[in-house]
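These notes are about the structure you will find just below.
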Amino acid sequence: MADTLLDEAKALGPDIRAAAPTIEHDRALPPDLVRRLTDAGIFGMAAPRDRGGAQLDPVDQIDVVEELAYHDASVGWCVMIGCDNGYWSSWLAPDVVEDLWKHDPLGATGIVVAPGGMGVAVDGGYRLNGRWPFNSGRLHSRVTGAGFLVAGADGSLSVDDAGRPMWRVAFFPTESSETVDTWNTTGLAGTGSHDFTLADVFVPEERTCDLFGPSQRDEPLYRFSSFFLAKMGGVPLGVARRVLEELATLAASKVQMPSMTHLRDDPFVKSEFARADALVGSARSWLREVVGDLYATVEAGGTPTLQQRGRYRMAITHAFTSSKAAIEIAYELAGSSALYRPSIFDRALRDIVTACQHIVVQRKYTDAFGGALLGLEPDGAPFV
C-alpha cells in the first residue's frame, strides 16, 4: 500500500503543478483534485485497514506528503492535515465513526486541536460556542474537529484531577459550523485555512474525546497519540527538494554579469548549494530515523522514553528549520530570477515562512525538547 499511494502521488504530480497558480489564486484546492486525492486513497492513508484505509506507518506517510508538497506546498499541507481522520477516529467508538464519516469514509477531515471555544456540559453531550482559527482544508472537509474547554452551566471551567482545565475534541459535520473568510496570507494560500464558528451547537458525548486519553484501537499506529505529527515534516522537505532541483536547472543556464559565466561555475554558488543540499538531506534522514525508531518501540509493545519523545518533536521541527534555511540559500543564489511571483523560489519562500509559524514547529518551544533529552519532563500537558 505504501508503494501504491506513493505512486498515486507521483502520478498526480503533473496535474498538481499545472493547477498550482489556480490553487494559490482561489485559496483552495480544486474540487476535482480533492476527489482524485480521495479516490486514490491518499486522504485515507492513516485510516485503519478495516475501514478501507491504508494504515501506513508514519515513515511511509512522510514520503507521500513529501511527494505531494514537492509539486505544491498547499496540496501537501492539506493532505497532511486531511488524512488525520484515521487518527481521530481511533478515539471514537466504531459505530460513531461509521455514522460520522458515512458520506465520505476516507475523505478529508479538518481539525483545530487548540481549544478555540467552550463546551457547556449538558445531558448527553456538550453545547459548543466559539471561534477556531487555522482550519486547514476547511472548504473541502466533510467532517470537522474542534478542541474545546469543558464548562459548567454557570460558565466555570471544569478541571481534571491534576487541576488542569478539561480539554476535549468534538467532531461534527462541517456544515454545522460557519466559515469566516480570513485566509489571506503570505504563503500556503491554497490551504484555505479559514476560521470557523460554532453557535450553541450540540455535540453528543460519544462524538467527543480526550486527546490525551487512550485510543479505542490497539494497532501500533494508534497507540501513541502524537503519531499524527510525524508527517508534518514531509511538507518542508518536499518544498525544499523541489527548490534545489529547480536551482540546479537554473544554474546550468543562467549567465552571470559581468563575468559571463554560468551560475553553476561560481565557487560561492557551488559551496552554498552543497550546504543547502546537506541541510535537507540530513534533516530527512534524521526524521525518518527518529520516527522509525519511535514506531518500532510502539510496535514492539513498548512505551516511548522521554528522550525518544523529545527527539521525535525536535526532528520534526528540525525538518522545518533546515528546509527553510536551504530555501533561503536557494532564493539568494537564484538572484533576480527569484523575485517574480510566478517563480518557484518566491512561492517556496513564502510557503516555508508561513509553515514555520505553526505552533508545533516554532523554535521557541525547543527548550522542552532539549529538556526531555536531559531527563526533564515538560510542565503542563504532554508535549507529545
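Tabulated data for the structure shown
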| item | result |
| --- | --- |
| In region 251-265, residue farthest from Ile329 (Cα to Cα) [restricted to those that are hydrophobic (A, V, I, L, M, F, W, C) and surrounded by 10 or more Cβ atoms within 10 Å (Cβ to Cβ)] | Val255 |
| Set Val280, Val201: member being aliphatic (A, V, I, L, M) and farther than 24 Å from Lys324 by Cβ | Val201 |
| Per-region count, region 75-97, residues of a type in the set (S, T, N, Q) and touching an Asp or Glu at 6+ places or on another chain (Cβ under 7 Å) | 0 |
| Any helices (runs of 4 or more DSSP H) falling wholly within region 17-135 and containing at least 3 residues that are more than 25 Å from Ile352 (Cα to Cα) | 31-39, 85-88, 94-100 |
| Extreme residue, farthest from Leu229 (Cα to Cα), among residues of region 326-384 that are in a loop (DSSP other than H, G, I, E, B) and among the aliphatic types (A, V, I, L, M) | Leu339 |
| Residue count for region 174-201, restricted to those that are surrounded by fewer than 18 Cβ atoms within 10 Å (Cβ to Cβ) and touching a residue at least 60 places away in the same chain (Cβ under 8 Å) | 6 |
| So Ser259, is it of a type in the set (S, T, N, Q) and either in contact with a Cys (Cβ under 6 Å, 6 or more places away or on another chain) or not in a helix (DSSP H, G or I) (or both) | yes |
| Residue match in region 266-278 (condition: surrounded by 20 or more Cβ atoms within 10 Å (Cβ to Cβ), in contact with a helix residue (DSSP H, G or I) (Cβ under 8 Å, 6 or more places away or on another chain), at pLDDT 95 or above and farther than 30 Å from Ala9 by Cα) | yes |
| Hey, Ser323 in the same structural domain as Leu349 (by TED's automatic domain parsing), free of Cβ contacts under 8 Å to residues at least 24 places away in the same chain and either part of a helix (DSSP H, G or I) or under 16 Å from Gly238 (Cβ atoms) (or both) or not | no |
| Criterion: aromatic (Phe, Trp, Tyr) and either over 18 Å from the mean Cα position of the chain (by Cα) or over 25 Å from Val360 (Cβ atoms) (or both) - qualifying residue of Trp132, Trp91 | Trp91 |
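The values are calculated or read from the model by the stated rules, or taken from the named source; none is laboratory data. All figures in this text were calculated on a predicted structure; none of them were measured in a lab. Counting neighbours? That spans all protein chains shown, and the Cβs are built from the backbone with ideal geometry, glycine included.
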